[in-house]
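The values are calculated or read from the model by the stated rules, or taken from the named source; none is laboratory data. All of these numbers come straight from a predicted model, not from anything done at the bench. When we count neighbours, we look across all protein chains shown, and the Cβ atoms used for this are built from the backbone with ideal geometry, even at glycine. Each accessible area value is taken on the protein alone, full model and side chains, heavy atoms only, with ligands, DNA and RNA left out. Shrake-Rupley method; radii C 1.70, N 1.55, O 1.52, S 1.80 Å.
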Amino acid sequence: MWTFSQSSLSKLETCDPRLQEIMFEVIQIMDIKILEGHRNKERQNQLFHEEKTKLQYPDSKHNSLPSKAIDVAPCPLDWSNRERFVYMAGIIMGVAHSLGHEIRWGGDWDRDNDLYDQTFNDLPHFEIL
């Protein structure tokens, strides 16, 4: 059975309770790592300038406290393995649905189930709607 590292737990604690509930269920199914929850102004704008996000502070759901967004990765982390991120997203979306929570994934922003019509892929990103 997998468990969250202290680093992942600290980041998860900054997130909306619904995201926490989802992730505690997901860790029972697969090994995941929490990359980010809440982002302050400096961190958000840094990622914007690095072109890793399209939004500046305070426009991201990561900027609320608790955070309405979370970035998650499958373990072990391999940024080049898109399929593992898609697999993880399916699990996360299914768990969220089973718990009655509506979320959006950064690999399917318009939620039409077409993973190839995105202009910006953010595969680790999930947000509460």
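Candidates are the residues of region 107-129 that are free of Cβ contacts under 8 Å to residues at least 40 places away in the same chain and among the aliphatic types (A, V, I, L, M); the one that is nearest to Gly90 (Cα to Cα) is Leu115.
Among the numbered criteria (1) over 11 Å from the mean Cα position of the chain (by Cα); (2) closer than 15 Å to Glu127 by Cβ; (3) open to solvent by less than 70 Å² (accessible area, probe 1.4 Å), which one does Ile34 miss? Result: Ile34 passes all but (1). Selection of region 1-20 for residues being open to solvent by 80 Å² or more (accessible area, probe 1.4 Å) and at pLDDT 95 or above yields Trp2, Thr3, Gln6, Glu13, Pro17, Arg18. Of the residues making up region 63-101, just one is more than 23 Å from Asp31 (Cβ to Cβ) and part of a helix (DSSP H, G or I), namely Asn63.
Just name the residue that is farthest from Gly90 (Cα to Cα) out of those in region 41-54 that are out of contact with any Leu (no Cβ under 9 Å at 6 or more places or on another chain) and assigned to a loop (DSSP other than H, G, I, E, B). Once the filter is applied, the top-ranked residue is Glu50.
Could you go through region 21-31 and let me know if any residue there is aromatic (Phe, Trp, Tyr) and within 23 Å of Ser7 (Cα to Cα).
Within region 21-31, one or more residues are aromatic (Phe, Trp, Tyr) and within 23 Å of Ser7 (Cα to Cα).
Residues in region 1-37 that are assigned to a helix (DSSP H, G or I) and touching an Asp or Glu at 6+ places or on another chain (Cβ under 8 Å): Lys11, Gln20.
Checked against the criteria, Tyr87 does not count as farther than 23 Å from Thr14 by Cβ and loosely packed, with under 11 Cβ neighbours inside 10 Å.
For Ile92, are the conditions met, namely being open to solvent by less than 60 Å² (accessible area, probe 1.4 Å) and among the aliphatic types (A, V, I, L, M)? Taking the combined requirement at face value, the residue satisfies it.
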